[in-house]
């Protein structure tokens, strides 16, 4: 069963979790889509920023090299330079002046262009190197002013003067210039034309200046940036790593971004190509450097999504558990009650609950109908027990009448007996069937004719006892009303071809005296045969020739029941009534008085035996008093005293038991008030008494019913917790025995007139008295 119940809880939990999970999934998908859009936008902005920076470098470099190209054109077109290209012996005769004039015609451009460190005109025919401020023979120039550590003079000269170069970077990197190793770019423009080279213009560009333009690009964590010419030769770079050549870039692409891959060494590459000289500007960076902002957004977004997922799962679990637990409890209760305790998990939980509720409603309707069908039987049984004198307390009678929805309003009552058979008492089978039919017809007519008569009881096959209620208050008018109703009943009975007579007992003011009126009606019944059909005989109209004593079986039963219940006052009243009837109203002879007292002593013996009284009365003394001619009343008084003594003892024991029982009941309530399962049934099971007795007993002892008392205890404890602690309402509700906070709040407001929250606010705002603070 535990496994089945656990499986059911899990099933309900999963079913309630699905909507929350789908909602979270939809939210996460929306968040993922938003993140993706944000990621793409930020990534595009970052890469666009890198491209803009490369474009700025490209435009600056293009601008500077455009100036260098203009300088080259000016020098090539200078007449002095063109004339000096033909000089083969520069220091002979007048040619020395030509050297001087050519040198003076050169302009220093390094002040106008910060990239240019210096420039030299190399003349092939004269082996001279001219600059604005110096003149060197070419071997001396290479030895002291400019040299490439990777080449000797001859190789360098042949490379410079035998190959036509048009605006080319001949070399880049470490170069010895003026005796110091310097990072230079050697820009070369050949003089003359291809096939007839007269020399070369060599412009020295400061590579540090060029690299300073690239330093604004982040090349940390293994990144690099480089400039490659149109032939794929490296112009300059800022990294010692492997540089990417022209062939690694997409063919024909002017600019763009290459995502990180194995081909790029795990680097994300951004590149752009100059339309001026075809140089490519390439930046290779680790993805986390390029996309640092994007990754930060990604990290934040993922963190938020994970936090939302965890928080959402926790909330979904709590909501699913909170929503599912009542359903599980309801389903478990329905399954255990409706399926005979067999635990089977229904497939459709709500459909099962709906079907079960429909069954419960139908069963309740059937039960109500059955109760309505049983109501006449219950009333008949009640009236029969009332006639026999089995009820001892008026409160008990009133509670039974209230339970049967029989509202008897009147100041008195009388019992009548309807006799509808005039034959003997030896009935044949056919006569019994006819009597059954007649009895049903007459009972139906009694219900229709005597509107103030809710109770009837068949005392024999041909006799029905009827209770008449005086709703007018006047006993005389009551008799007239009863006689008129009996006349109407006689007419109704005669129309059906039946005959009936009526015997009426004496008038009584209490329902507990109904047995006496019934006994009188039975005595009057003997005169109905003589009165004739349709006549009523009243006990008070009979001539009372009392030759015998009065102590009917009903009075004896009542006396014994009163004693067993410890109702001493009722015992005294009944004994006083018997004394008045037998010693005052009836003038009985001595022998008859002795027989009455002897019958009463016999009742005393039976009571003592049934109750197992330890200190029994001295029967010998009572019998001796009976034998004395002058002492029947004294024997009655001694017996009555013994009756009241036994009743007092029973009452003391009853009260002692009642005190212990009410103490045990109250202690149980104070121990279990925090349990939601506390109920009248649970308390009755714990105390081993019936539920009905406990309910009546508790109301008699405390003045309130069981449920009201439990609710008062719970409310007192809840008020204490509200004023002295900061516990949430839900937890307080659980501690004082409520399944849900909503039920608790309704009960609290019903009992206190304000909500629990308002009570807590008032309690916290109210200052404690000095005595309360001292107690605290």
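Quick note: the coordinates plus some simple rules give every number you see, no bench work behind them. It should be emphasised that the depicted structure is a prediction, and the values quoted were computed from it without experimental measurement. Cβ: placed from backbone, ideal geometry, glycine included. Neighbour counts: every protein chain shown.
Sorting the segments 465-477, 202-214 by their mean number of nearby beta carbons within 10 angstrom, highest to lowest, gives 202-214, 465-477. Taking a ≥ b ≥ c as the square roots of the Cα gyration tensor eigenvalues, segment 348-393 comes out prolate, since a/c reaches at least 1.5 and a/b is larger than b/c. Computed over the Cα atoms of segment 372-541, the ratio of the radius of gyration to the Kirkwood radius (Rg/Rh) comes to 0.95.
Put simply, when 262-268, 300-306 are sorted by average Cβ atoms within 10 angstrom per residue, most first, you get 262-268, 300-306.
Treating r as the C-beta distance of residue 680 and residue 542 and R0 as 45 Å, the FRET efficiency rounds to 0.35. For log10 I(q)/I(0) by the Debye sum over Cα atoms at q = 0.05, 0.11 Å⁻¹, the listed values are (1) -0.60, -1.24; (2) -0.30, -1.37; (3) -0.35, -1.29; which was obtained by calculation from the structure presented? Given (1) -0.60, -1.24; (2) -0.30, -1.37; (3) -0.35, -1.29, the structure-derived one carries the label (1). Put simply, when 394-403, 272-281, 370-379 are sorted by average Cβ atoms within 10 angstrom per residue, most first, you get 272-281, 394-403, 370-379. Compared with the dominant principal axis of the Cα atoms in the chain, helix 292-338 is inclined by about 20°. Is segment 712-759 best put as rounded, prolate or oblate by its Cα gyration tensor, with a ≥ b ≥ c the root eigenvalues, rounded for a/c under 1.5, and otherwise prolate when a/b is larger than b/c, oblate when not? Cα axes put segment 712-759 in the rounded bin.
Relative to the longest principal axis of the Cα atoms of the chain, helix 756-765 runs at roughly 80 degrees.
Note on segment 374-422: percent of Cα-Cα distances in each 10 Å bin, starting at 0 and stopping at the bin with the largest distance, equals 20, 54, 21, 5.
Taking the inverse of the mean reciprocal distance over all distinct Cα pairs, the Kirkwood hydrodynamic radius of segment 114-164 comes to 11.6 Å.
Hey, with R₀ at 30 Å, roughly what FRET efficiency would residue 39 and residue 209 work out to, going by the Cβ-Cβ distance, to 0.05? The pair residue 39/residue 209 has a calculated efficiency of 0.20. Working from label points 7 Å from Cα in the Cα-to-Cβ sense, the residue 660 to residue 553 distance is 3.7 nm. Label-to-label distance, residue 572 versus residue 461, with points set 7 angstrom from Cα along the beta-carbon direction: 4.8 nm.
Over the C-alpha atoms of segment 78-211, the Rg to Rh ratio, Rh being the Kirkwood estimate, stands at 0.94.
The simple spin-label model puts a point 7 Å past each Cα toward its Cβ; for residue 436 and residue 322 those points are separated by 6.4 nm. Between 0 and 90 degrees, rounded to the nearest ten: what's the tilt of helix 349-387 against the longest Cα principal axis of the chain? The angle comes out near 10 degrees.
Computed from the C-beta positions of residue 155 and residue 298, the FRET efficiency with R₀ = 45 Å rounds to 0.25. Averaging over all projection directions, the Cα-based convex hull of segment 673-775 occupies 7.8 nm² in the image plane. Beta bridges assigned by DSSP with both partners in the chain are antiparallel in approximately 95 percent of cases.
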